[in-house]
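The values are calculated or read from the model by the stated rules, or taken from the named source; none is laboratory data. Just so you know, these numbers come straight off a predicted model, no measurement behind them. Cβ coordinates were reconstructed from backbone atoms using ideal geometry, including for glycine residues, and neighbour counts include every protein chain displayed.
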Amino acid sequence: MTHDPFTVLGLEPRFDVDLAAAEVRHRELSRALHPDRYQGKPAAERRMALERAIEVNAAWRALRDPVTRAEALLAAGGVELDERAEPKASPALLMEMMELQEELAEVRGKRDAAGLRRLGEALRTRERELCARLAPAFAAARGDAARLRALLPAVGELRYLRRFFEAYAAAEEELAA
Amino acid sequence: MGLLEIFDPVAAPRPIGIDLGTTNSLVARVRDGAPVAIRDCDGEALVPSAVYYDERGQVIVGREALRMAQAHPRETIVSVKRLMGRGASDPETARLGTIDFAAPTSPDEARTVRLRVQGRILTPVEVSADILRRLRELAEDEMRSVGGAVITVPAYFDDAQRQATKDAGRLAGLEVLRLLNEPTAAALAYGLDQKKNGLFAVYDLGGGTFDITILLLDDGVFQVRSTGGDSALGGDDMDRALGQVLLEHMGAADDPGPEVVRLALDAARRAKHALTDREEVALELPRVGGGSTTATVTRAELERLVAPIVERTGVACRRALRDAGIEASALDGVLLVGGATRVPFVRRYVRDLFGREPLADIDPDQVVALGAAIQADLLAGTGSTGEVLLLDVLPLSLGIETMGGVAEKILPRNTTIPAGARQVFTTYADQQTGFELHVVQGERELAADCRSLARFTLRGIPPMPAGMARLEITFHVDADGLLTVKAREVTTGIEQEVLVKPSYGLSDEEVERMLLDAIDHGEEDFERRKLAERRVEAERMLIATRGALAADADLLDASEQKAVEGALAELTVAVAAGSATLVQAKIDALDDATKEWAGRRMDRAIARAIAGKQLDEVDATVAHARGVDEQVAEHQARLPPGASPSQTGTGPTGEGS
Ligand SMILES: Nc1ncnc2c1ncn2[C@@H]1O[C@H](COP(=O)(O)OP(=O)(O)OP(=O)(O)O)[C@@H](O)[C@H]1O
Ligand SMILES: [Mg+2]
């Protein structure tokens with residue numbers, strides 16, 4: 001049912017997808033499908049183009065974000081995505097995230113812009129490292145459900161980082177205002 | 001009046017672009033491949049967005065209306081754009097001004113601001129339609145026949161404000177081809193004219209609204225990276241700040257009448273303009289109770305007053321840069337748009353904020369309308385710039401209210417449009433047949449702090465035990481930035497009826513009624529208008545289908561081709577007859593006969609776009625062709641941890657039997 005973003009954009013499914021190539025593909029497809037191209041066309045055709053343009057935009061959005069990109073690869077391999085059924089995060093990760101939360105609360109309280117920037121940098125480095133580990137792991141799994149399932153904890157970690165990024169962005173906004 | 005001019009045998013209808021501004025409006029068109037502003041008989045292009053209503057129901061728009069404002073402050077409506085899509089108790093109604101607001105007598109009436117003018121009640125949509133009608137007339141004077149319009153809106157306009165603008169266009173008898181974001185329009189005109197590539201920021205501070213847009217220009221592609229702004233921030237607020245000070249000089253600070261307020265605001269604006277070129281200005285002002293006084297205003301004093309207003313733009317700019325994931329130093333240029341960017345303080349502020357001198361080779365008054373004209377030309381298919389592609393974004397996050405009043409985001413701000421999302425909900429009462437969904441727009445965590453868009457009520461859910469019915473709700477945001485919602489029960493596949501109750505603005509029926517009122521002969525003309533509209537759609541389909549037959553007949557088998565040609569012939573006959581219902585029926589039949597073929601043709605277009613010359617890849621892509629039904633963008637309902645799906649609804653509508 002779910003439309004695999006790699007298929008929609010006609011790209012090879014891999015975690016370390018070439019984002020520049022994906023962007024070019026998104027543009028080419030948009031050129032063919034954007035509602036602007038269907039002005040004055042019959043209603044059915046307009047509707048169809050609209051839905052496909054939406055799909056193409058959603059695919060591009062999904063590929064840009066490592067979390068949704070990983071989820072797309074899992075789903076394509078037949079791994080059911082249900083956060084509640086997934087393995088619980090390790091105590092070590094939970095502990096680390098809690099400490100990060102506290103640190104964030106502290107720099108937020110002190111309105112410490114430099115501290116916040118450092119924290120953001122650390123987060124981005126952490127995400128980069130995780131992605132660098134995941135790329136070969138996804139490639140090695142070759143779409144096999146059992147081997148993909150073994151990656152769930154790492155993908156879970158990516159999600160934790162994502163949520164933390166959101167809290168970080170909110171703090172950044174607060175400090176900028 | 002109000003009729004679409006369609007079958008003018010003399011002049012082919014030509015599309016126009018309209019900048020419907022808070023202070024000034026402008027209509028433009030493409031002539032000989034270049035966009036030009038349309039001027040009135042005095043050679044003026046800018047039409048002040050002022051509307052005067054006289055006691056006999058006569059409407060005057062523009063410069064002449066502005067001249068009436070001093071003597072008739074209550075009957076002359078200015079800056080109506082600030083009221084578009086807003087509710088009766090909006091803070092804007094409490095700001096310094098001269099409009100006589102009518103208190104709503106029912107919750108339904110409270111969905112829109114109502115103005116009392118000459119004993120009549122008017123909505124901002126109707127006043128805007130009067131401005132648009134004037135612009136349409138100007139265009140018709142020059143071009144005879146107008147064939148559709150692109151109307152610009154502030155990028156930061158929400159769904160209600162956009163819908164109101166579109167309603168105004170309809171009411172003015174215009175076919176609204178597209179709502180185009182003002183900064184994007186400016187970038188389009190500038191980028192095509194200067195053949196520029198790179199990352200640009202468009203800083204648009206007009207009379208009533210502020211937008212910041214970061215976009216990438218790349219060989220005809222205009223890709224918006226992020227946008228932000230404030231739809232109630234502009235030169236008007238500077239005038240109010242200074243006007244308040246002037247009222248004190250006049251000894252009229254408490255409860256001044258509309259004449260006095262008008263005078264103070266006009267004097268403030270004149271002073272503001274003068275201080276753009278001068279350090280000091282002396283104003284001769286009347287005093288309450290007789291006599292007059294001379295007030296001297298210096299540029300420094302004005303700057304002290306406008307600083308807090310201008311600084312609010314900085315917050316939005318920094319956020320837009322963050323959302324685009326770039327530092328100001330990565331920009332290749334900053335474009336200034338809007339009359340209020342002439343204020344020296346604003347220029348200085350923008351320069352400091354972005355660390356560079358803004359580009360000067362741009363006409364801040366006309367560039368938006370010129371961009372709209374280019375887009376209109378492209379949409380009408382008359383434009384030659386086939387490589388142009390505008391990729392714009394949703395300015396404010398869309399969310400649904402969940403249990404506990406939290407707004408769960410379904411589409412984040414700065415998502416490229418058109419965009420879609422899909423969520424699955426379950427019923428939580430046995431035999432529940434109704435379901436209500438509250439959609440909000442904004443960035444705040446609680447739904448109550450966001451802007452309420454609409455409540456959607458689903459009816460006719462097949463009665464099942466709690467948790468069994470699965471409702472799949474599809475949200476679409478189209479290229480105008482407007483939201484539509486569809487719902488389907490998954491197990492039975494039944495499409496649900498969705499009743500929309502917009503939180504702000506006019507309902508479809510209200511707009512219809514206004515349209516009818518605008519037509520002298522009521523019903524009869526209404527029928528004629530409907531027939532004319534159907535005929536246009538039919539002609540469009542005939543041309544498109546014949547073109548498709550010429551290009552892609554190979555994608556049809558013999559019996560399909562016969563069916564298409566049959567439907568084509570029947571529609572041709574129906575157009576010549578005089579019934580809107582018949583034309584519609586034949587349109588639907590042709591629609592049906594061509595549906596699958598349209599899908600195949602689209603796949604071919606996609607394959608060509610992807611592959612260019614690589615033919616083997618074309619086939620691979622065509623192989624990916626899927627059914628229409630599945631082509632909806634998907635947004636997996638991802639619930640917050642711990643929440644169960646059944647908690648996510650906003651309450652049953654109590655229709656369980
Ligand atoms: N020379 C000037 N110095 C200062 N301000 C000016 C000058 N010229 C125009 N303005 C201000 O610019 C504003 C109007 O700008 P513009 O015509 O771009 O707005 P608009 O397009 O009607 O509004 P919006 O885009 O917000 O809907 C007014 O507030 C006006 O006072
Ligand atoms: Mg403007």
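I need every pair where a residue in the range B:144-169 that is farther than 19 Å from B:ALA189 by Cβ has its Cβ under 6 Å from the Cβ of a residue that is crowded, with 24+ Cβ neighbours inside 10 Å and among the aromatic types (Phe, Trp, Tyr), sequence separation at least 6 or different chains.
Hits for this filter: B:ALA160/B:TYR504.
Conditions tested, residue by residue: (1) at pLDDT below 90; (2) part of a loop (DSSP other than H, G, I, E, B); (3) under 20 Å from A:ALA59 (Cβ atoms); (4) not hydroxyl-bearing (Ser, Thr, Tyr).
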position	(1), (2), (3), (4)
B:GLY399	no, no, no, yes
B:GLY420	no, no, yes, yes
B:GLN423	yes, no, yes, yes
B:TYR428	yes, yes, no, no
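Of the residues B:VAL406, B:VAL334, B:VAL368, which is within 16 Å of ligand 2 (Cβ to nearest atom) and either surrounded by fewer than 20 Cβ atoms within 10 Å (Cβ to Cβ) or away from every other protein chain (no Cβ under 13 Å) (or both)? Outline the logic, then answer.
Details: B:VAL406 fails: within 16 Å of ligand 2 (Cβ to nearest atom); B:VAL334 fails: within 16 Å of ligand 2 (Cβ to nearest atom).
That would be B:VAL368, the only listed residue that is within 16 Å of ligand 2 (Cβ to nearest atom) and either surrounded by fewer than 20 Cβ atoms within 10 Å (Cβ to Cβ) or away from every other protein chain (no Cβ under 13 Å) (or both).
If A:SER90 satisfies all but one of (1) away from chain B (no Cβ under 14 Å); (2) modelled with pLDDT of 85 or more; (3) surrounded by fewer than 16 Cβ atoms within 10 Å (Cβ to Cβ), what's the number of the condition it fails?
Checking A:SER90 against (1) away from chain B (no Cβ under 14 Å); (2) modelled with pLDDT of 85 or more; (3) surrounded by fewer than 16 Cβ atoms within 10 Å (Cβ to Cβ), the one that fails is (2).
Which condition from (1) within 14 Å of chain A (Cβ to nearest Cβ); (2) crowded, with 18+ Cβ neighbours inside 10 Å; (3) within 16 Å of ligand 1 (Cβ to nearest atom) is the one that B:ARG312 breaks?
Tallying (1) within 14 Å of chain A (Cβ to nearest Cβ); (2) crowded, with 18+ Cβ neighbours inside 10 Å; (3) within 16 Å of ligand 1 (Cβ to nearest atom), B:ARG312 fails exactly one: (2).
Which of the strands (runs of 3 or more DSSP E) contained wholly in the range B:5-89 include at least 2 residues that are more than 16 Å from ligand 2 (Cβ to nearest atom) and more than 14 Å from chain A (Cβ to nearest Cβ)?
Values: elements: B:14-20, B:24-31, B:34-37, B:50-53, B:59-61, B:76-78.
Ranges flagged: B:24-31, B:34-37, B:50-53, B:59-61, B:76-78.
Looking at this structure, is B:LEU302 within 15 Å of ligand 1 (Cβ to nearest atom), more than 23 Å from B:LEU233 (Cβ to Cβ) and either hydroxyl-bearing (Ser, Thr, Tyr) or outside any loop (DSSP other than H, G, I, E, B) (or both)?
Working: within 15 Å of ligand 1 (Cβ to nearest atom): yes; more than 23 Å from B:LEU233 (Cβ to Cβ): no; either hydroxyl-bearing (Ser, Thr, Tyr) or outside any loop (DSSP other than H, G, I, E, B) (or both): yes.
Criteria not met by B:LEU302.
Being assigned to a helix (DSSP H, G or I), closer than 15 Å to B:VAL346 by Cβ and either touching a Ser or Thr at 6+ places or on another chain (Cβ under 8 Å) or not charged (D, E, K, R) (or both) is the filter here; which residues of the range B:229-279 pass it?
Correct list: B:GLY235, B:ASP236, B:MET238, B:ALA241, B:LEU242, B:HIS273, B:LEU275, B:THR276.
Restricting attention to the range A:62-96, which residues are more than 19 Å from the chain's Cα centre (by Cα) and closer than 15 Å to A:TYR160 by Cβ?
First pass over the range A:62-96, keeping only residues more than 19 Å from the chain's Cα centre (by Cα): A:85, A:87-88, A:90-96.
If the condition is that a residue be more than 19 Å from the chain's Cα centre (by Cα) and closer than 15 Å to A:TYR160 by Cβ, then A:PRO87, A:LYS88, A:SER90, A:PRO91, A:ALA92, A:LEU93, A:LEU94, A:MET95, A:GLU96 are the ones that fit.
I'd like to know if the range B:231-248 contains one or more residues that are among the polar types (S, T, N, Q), modelled with pLDDT of 95 or more and within 12 Å of ligand 1 (Cβ to nearest atom).
Within the range B:231-248, none of the residues are among the polar types (S, T, N, Q), modelled with pLDDT of 95 or more and within 12 Å of ligand 1 (Cβ to nearest atom).
Output the residue which, of all residues in the range B:196-219 that are more than 16 Å from ligand 2 (Cβ to nearest atom) and acidic (Asp, Glu), is farthest from the other protein chains (Cβ to nearest Cβ). Give the derivation first.
To start, the set of residues in the range B:196-219 that are more than 16 Å from ligand 2 (Cβ to nearest atom) comprises B:196-201, B:214-219.
Remaining after also requiring acidic (Asp, Glu): B:218-219.
Working: B:ASP218: 8, B:ASP219: 10 Å.
Top of the filtered list is B:ASP219.
Within 16 Å of ligand 2 (Cβ to nearest atom) and closer than 30 Å to B:LEU391 by Cα, is that true of B:PHE222? Spell out the reasoning first.
Working: within 16 Å of ligand 2 (Cβ to nearest atom): no; closer than 30 Å to B:LEU391 by Cα: yes.
So B:PHE222 fails the test.
Check the range B:515-538 and report whether any residue there is within 30 Å of B:LEU396 (Cβ to Cβ) and in a helix (DSSP H, G or I).
Applying the first criterion (within 30 Å of B:LEU396 (Cβ to Cβ)) to the range B:515-538 yields B:515.
Of the ones still in play, those that are also in a helix (DSSP H, G or I) are B:515.
Scanning the range B:515-538, I find at least one residue that is within 30 Å of B:LEU396 (Cβ to Cβ) and in a helix (DSSP H, G or I), so the answer is yes.
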